[in-house]
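The structure appears right after this line, and notes come after that.
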Amino acid sequence: MKLKEEFLKQYKIIMKDEFHAFLNGFSLPRSHGLRLNPLKCTQYENNPYLKSILRKHRLVDHGFYYQKSAQPGRHPYHFAGVYYIQDPSAMMVIENADIEENDVVFDMCAAPGGKSTHILGKLNQTGLLISNDINNKRAKILSENIERMGTTNALVISTDPKLLNKDFYGYFDKVIVDAPCSGEGMFRKDEQTIVDWSLDKVKTCATIQKSLLDTAYHLVKENGLIIYSTCTFSSLENEEVIKDFLTKHQDVTILPTIKNNHIKDGFKPFEKCSRFYFHHFDGEGHFIAKMKKTAIDKQFKKTKSKSLKKASQEKTSLLNKYLDTYLNHFTLKHDIYDFNNHLYTLHYNKPLPNLDDIKIIRYGLHLGEIKKNRFEPSHALALALKPTQVKSVINFQSDCDEVIKYLSGETIYYPGNQRYTLLTVDNFSLGWVKQVNNVLKNYYPKGLRIKK
């Protein structure tokens, strides 16, 4: 790994006596981590595969380390949403956010979804998460990753966060700003970040980061928390951004972050922040600041969306016919909304801000689509259901050839004629098949299929 001279020169001054250890950290082997999805799996000790590959992350609920050779991203459990693969340092962001059930949370720069999926696990199907990414393509990837977790209380949008300042003012209990940055902490993971790095990029990122934090200030309510994080070492993007923010907003106080001997203090006078270095912590480079807005401020004012369209009685009847025919103990307690014949429901019953003119990628749980006077269930619905909620279920072991065939989009031969059937792997929901004349017609989404 060849680092740029400009980078080396500045860190030789910053790191002082620790410079050589800091530099050697770039040559250390990377650590790999994942978080179990508590909505689907909490007792890994009883699962032979998980027990064989996982080592506990002592600071993160449901967080673990694994060896690179394990390749859990290729295992069927990944596709079933049993876990989310995430850097062990990055997991610490949401561990610092004090997420509680029934919180209303905004993940401002959420793609690809590590922080959002972590938040959803802590919310435990209560409260509300609004996940945003300004880049529409990245927002769709974010939506897919949230879908895999099987949650019903996440709204995924794609917009410039500044456009939310009016209608969402003071709406959120917690705002997460995992800001775009120069990526110095990702140099081991992605060498392209080394090529792209420059002092000009650092300065450009710092300008964007300051703007994002100002927006967070408007969106968080009185006594709400703002968590700011980057995956860079640069003080211009970390402590200097915090300094600028606190100078502009005197009613914001900085709070202590989680520490141990391997997590280092922020640079003075921001010792309460956390710095993660390769040569100290078992993970990639990171920075975390935790802040609280204390001012008595104007409160969120309810506004109503005019563009949201509830499903018609005819379409709702088709949905209910499917639910009565194929599911058990599954009741929809919230309104059904129609997005071009795609039906969604959001598991949240308190007022939402005005969503007009905001691009909505996912409005809670995607139930399915109305096609030619019938309802066809979505992949998201399959992943959100427990096997006990479906009348017809076929379970395969994770090492079974049929599972790979299913994930590859192939037809599977299996006796029976049960129509819509939930296919599971080790009793974790994986997706739909339609069982007709001893053949399982494959409904695994084409865009998600793997290549053998």
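Worth a mention:
- With Cα atoms, 0 to 90° folded angle of helix 199-219 axis to the chain main axis: 60 degrees
- Taking the C-alpha atoms only, the angle from helix 239-248 to the longest principal axis of the chain is near 90 degrees.
- Whole-number percent relative contact order across the chain, with pairs defined as alpha carbons under 8 Å at least 6 apart: 14 percent
- Filter on K68/K140; K40/K259; K166/K292; K137/K272; K321/K350 - keep pairs with C-alpha separation over 32 Å: K137/K272
- For G224, the residues whose amide H sits under 5 Å from its own are K293, ignoring neighbours fewer than 5 places away on the same chain, with H placed 1.01 Å from N.
- Basic side chains Lys and Arg get +1 at the Cβ, acidic Asp and Glu get -1 at the Cβ, and with that the dipole of region 125-205 about its Cα centre reaches some 80 debye.
- For E191, E147, the sequence from fewest to most other C-beta atoms within 10 Å is E191, E147.
- Computed from point charges on the beta carbon alone (+1 for Lys and Arg, -1 for Asp and Glu), the dipole magnitude for the chain about its Cα centre is near 960 Debye.
- Summarising the strand pairing of region 392-452, around 75 percent of its internal DSSP beta bridges are antiparallel.
- The string of couplings for region 376-390 from the Karplus curve (6.51, -1.76, 1.60, θ = phi - 60°) is 10, x, 8, 5, 4, 5, 4, 6, 8, 8, 8, x, 5, 8, 10 Hz, one whole number per residue in order, with x for Gly and Pro.
- Relative contact order (%) - region 392-452, alpha-carbon pairs under 8 angstrom, separation at least six: 36 percent
- Under the Karplus curve 6.51 cos²θ - 1.76 cosθ + 1.60, θ = phi - 60°, whole-Hz ³J(HN,Hα) for region 76-92, x wherever Gly or Pro sits: x, 4, 4, 6, 8, x, 5, 8, 10, 7, 8, 4, x, 6, 4, 4, 5
- Rounded tilt (10° steps) of 5-15 against the dominant C-alpha axis of the chain: 70 degrees
- Within the chain, antiparallel bridges make up roughly 70 percent of the DSSP beta bridges whose residues both belong there.
- In plain terms, the residue of H20, H32, H286 with the fewest other Cβ atoms within 10 Å comes first and the most crowded comes last, giving H20, H32, H286.
- The amide H of K359, built 1.01 Å from its N in the peptide plane, has S158 as neighbours under 5 Å, considering only residues 5 or more places off or on other chains.
- Sorted by Cβ neighbour density within 10 Å, fewest at the top, the residues S392, S312, S429, S131: S312, S392, S429, S131
- Normalising the average separation of contacting C-alpha pairs (under 8 angstrom, six or more residues apart) by the number of residues puts the relative contact order of region 247-300 at 37 percent.
- Table column - 3J(HN,Hα) (Hz), region 438-451, Karplus curve with 6.51, -1.76, 1.60, x for Gly and Pro: 6, 10, 9, 6, 7, 10, 5, x, 4, x, 9, 5, 9, 9
- In summary, the aspartates and glutamates within cross-link reach of K4, defined as a Cα separation below 13 angstrom excluding same-chain residues under 8 places away, comprise E184, E191, D196.
- Global form of region 105-236, assessed from the alpha-carbon gyration tensor, a/c cut-off 1.5: oblate
- Structure-based [θ]222 nm, the chain - -39500 (n - 2.57) summed over DSSP H runs of at least 4, per residue, nearest 500: -7500 deg cm²/dmol
No lab work stands behind these numbers, since they all come straight from the coordinates. No experiment lies behind these values; they were computed from the predicted model shown. All Cβ positions, glycine included, derive from the backbone under ideal geometry; neighbour counts span all protein chains shown.
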